[in-house]
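A.B. asks: Please find one structure pasted underneath; my questions will follow.
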Amino acid sequence: MLPRPAHKTDAEWRAQLTPEQYRVARKGGTERAFTGEHWDRKENGAYLCVCCGRRLFDSAHKYDSGSGWPSFHTTAPDAVGEKEDRKLFIRRTEVVCSHCDAHLGHVFPDGPQPTGLRYCINSASLRFEPHE
Ligand code: FE
């Protein structure tokens, strides 16, 4: 059974996060390409939600998409939800943490096998935890 979704007030999120993490993860912002902490990271480990600590992605599923954002072809089981995003003129699919609703990034259908998906994720929404 999954733990109860994490809900905090806006003030609590703001107190917990850096301004950049708050802007991206709680307000749906996007970090500039090639500026984040994890886009070029190659160590083995897990990528957790910066807000609630839920395990979202694993280095085993990370690949270099050339986009300047951390990119994964697979998520941890039941870790992310999808929402339709109409903020730009093109229709995109937003991905959010299934536990606390943090904005993570978007998913596109141009990724590698085995899924053919590219989860294009903001570093600011992720916390890296090396495997033991
Ligand atoms: Fe979360």
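The values are calculated or read from the model by the stated rules, or taken from the named source; none is laboratory data. Treat the numbers as computed from the prediction; the structure is a model and nothing was measured. Positions of Cβ are backbone-derived with ideal geometry, glycine not excepted, and every protein chain shown enters the neighbour counts. We work out accessible area using only protein heavy atoms, side chains counted, and drop any ligands, DNA or RNA first. Shrake-Rupley method; radii C 1.70, N 1.55, O 1.52, S 1.80 Å.
A.B. asks: Evaluate the following for A11: is it over 22 Å from E82 (Cα atoms), of a type in the set (G, A, S), surrounded by fewer than 19 Cβ atoms within 10 Å (Cβ to Cβ) and out of contact with any Gly (no Cβ under 9 Å at 6 or more places or on another chain)?
C.D. replies: Judged against the criteria, A11 is a match.
To keep it simple, each residue is scored yes or no on (1) surrounded by fewer than 15 Cβ atoms within 10 Å (Cβ to Cβ); (2) at pLDDT below 95; (3) more than 16 Å from the ligand (Cβ to nearest atom).
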position	(1), (2), (3)
F57	no, no, no
K62	no, no, yes
S71	no, no, yes
T74	no, no, yes
V80	no, no, no
E84	yes, yes, yes
F89	yes, yes, yes
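A.B. asks: Another question, then. Only residues in the range 1-23 that are modelled with pLDDT of 95 or more count as the first member; pair them with residues that are of a type in the set (S, T, Y), Cβ under 9 angstrom, at least 6 apart or cross-chain, and list the lot.
C.D. replies: Note: pairs meeting the criteria are W13/Y22; R14/Y22; Q16/Y22; Q21/S125.
A.B. asks: Follow-up. List the number of the failed condition for D40; all other conditions in (1) within 16 Å of the ligand (Cβ to nearest atom); (2) surrounded by fewer than 17 Cβ atoms within 10 Å (Cβ to Cβ) hold.
C.D. replies: Failing condition for D40: (1).
A.B. asks: Continuing with the same structure: Condition (residue is in contact (Cβ under 8 Å) with a residue 60 or more places away in the chain, outside any loop (DSSP other than H, G, I, E, B), within 16 Å of the ligand (Cβ to nearest atom) and under 13 Å from R41 (Cβ atoms)) applied to the range 102-109: is it met by at least one residue?
C.D. replies: Among the residues of the range 102-109, not one is in contact (Cβ under 8 Å) with a residue 60 or more places away in the chain, outside any loop (DSSP other than H, G, I, E, B), within 16 Å of the ligand (Cβ to nearest atom) and under 13 Å from R41 (Cβ atoms), which makes the answer no.
A.B. asks: Considering only residues of the range 91-101 that are open to solvent by 20 Å² or more (accessible area, probe 1.4 Å) and not small (G, A, S), which is nearest to the ligand (Cβ to nearest atom)?
C.D. replies: Result: H99.
A.B. asks: Against the conditions (1) of a type in the set (S, T, Y); (2) open to solvent by less than 50 Å² (accessible area, probe 1.4 Å); (3) over 14 Å from the mean Cα position of the chain (by Cα), where does T115 fall short? Just the number, please.
C.D. replies: Condition (2) is where T115 drops out.
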